[in-house]
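Following: one structure in structure tokens, then a few remarks.
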Amino acid sequence: MSDHYEHKQVGTLMIVVLCLGAAVSGTAAFMNPTAGRWLGLAIAFGCVALAWLFSSLTVIVDGNEVQWFFGPGAWKYRMARADIANVSIVRNSVLTGFGIRVRAGFRLYHVSGLDAVELHLKNGEIRRIGTDDASSLAAALRGE
């Protein structure tokens with residue numbers, strides 16, 4: 001049994017799509033001599049900021065808790081491992097999306113790929129944490 005698990009998944013698709021959006025918006029802004037230029041620049045800046053904030057998802061499991069955060073750690077989540085009733089490996093639909101999502105029956109924290117570990121909490125809530133290392137994360141959460 002390992003005392004510590006830590007894994008960082010890079011959100012390559014999110015970075016590429018958001019940076020492309022920034023490039024298109026920025027190019028359109030510089031080609032537009034009207035007041036709309038500032039809107040294009042604001043959109044480009046917003047895309048770059050989102051790419052930075054959601055560039056990765058880091059999951060840490062230690063003896064007492066699990067925590068996860070996006071990119072530089074702007075949003076950190078943590079819960080006691082004692083609050084977890086069951087752990088399973090699931091596959092998300094492409095339509096589920098990326099980032100932080102509230103879907104029917106669960107909350108999703110996800111940056112890339114379709115695999116996730118589903119945490120069934122003792123209070124009845126469900127959390128899905130996206131990962132490209134689902135079997136190791138599930139084993140760490142189970143204490144294996």
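The values are calculated or read from the model by the stated rules, or taken from the named source; none is laboratory data. Note that the coordinates shown come from a computational prediction; the quantities given were computed from them, not determined experimentally. As a convention, Cβ positions derive from the backbone with ideal geometry for all residues, glycine included, and neighbour counts pool all protein chains shown. Remember, those area values only see protein heavy atoms, side chains included, never the ligands or the DNA or RNA. Shrake-Rupley method; radii C 1.70, N 1.55, O 1.52, S 1.80 Å.
Of (1) open to solvent by 50 Å² or more (accessible area, probe 1.4 Å); (2) assigned to a strand (DSSP E or B), residue 135 satisfies all except one. Which?
(2)
I need the full set of residues from segment 107-123 which are outside any strand (DSSP E or B) and either touching a Lys or Arg at 6+ places or on another chain (Cβ under 9 Å) or surrounded by fewer than 17 Cβ atoms within 10 Å (Cβ to Cβ) (or both), in order please.
114, 122, 123 - these are the residues of segment 107-123 that are outside any strand (DSSP E or B) and either touching a Lys or Arg at 6+ places or on another chain (Cβ under 9 Å) or surrounded by fewer than 17 Cβ atoms within 10 Å (Cβ to Cβ) (or both).
What number of residues in segment 84-95 are farther than 24 Å from residue 113 by Cα and open to solvent by 80 Å² or more (accessible area, probe 1.4 Å)?
0
Which of the residues spanning segment 96-106 are of a type in the set (A, V, I, L, M, F, W, C) and open to solvent by less than 40 Å² (accessible area, probe 1.4 Å)?
If the condition is that a residue be of a type in the set (A, V, I, L, M, F, W, C) and open to solvent by less than 40 Å² (accessible area, probe 1.4 Å), then 106 is the only one that fits.
Quickly run through segment 97-116 and pick out the residues that are β-branched (Val, Ile, Thr) and under 12 Å from the mean Cα position of the chain (by Cα).
Matches in segment 97-116: 100, 111.
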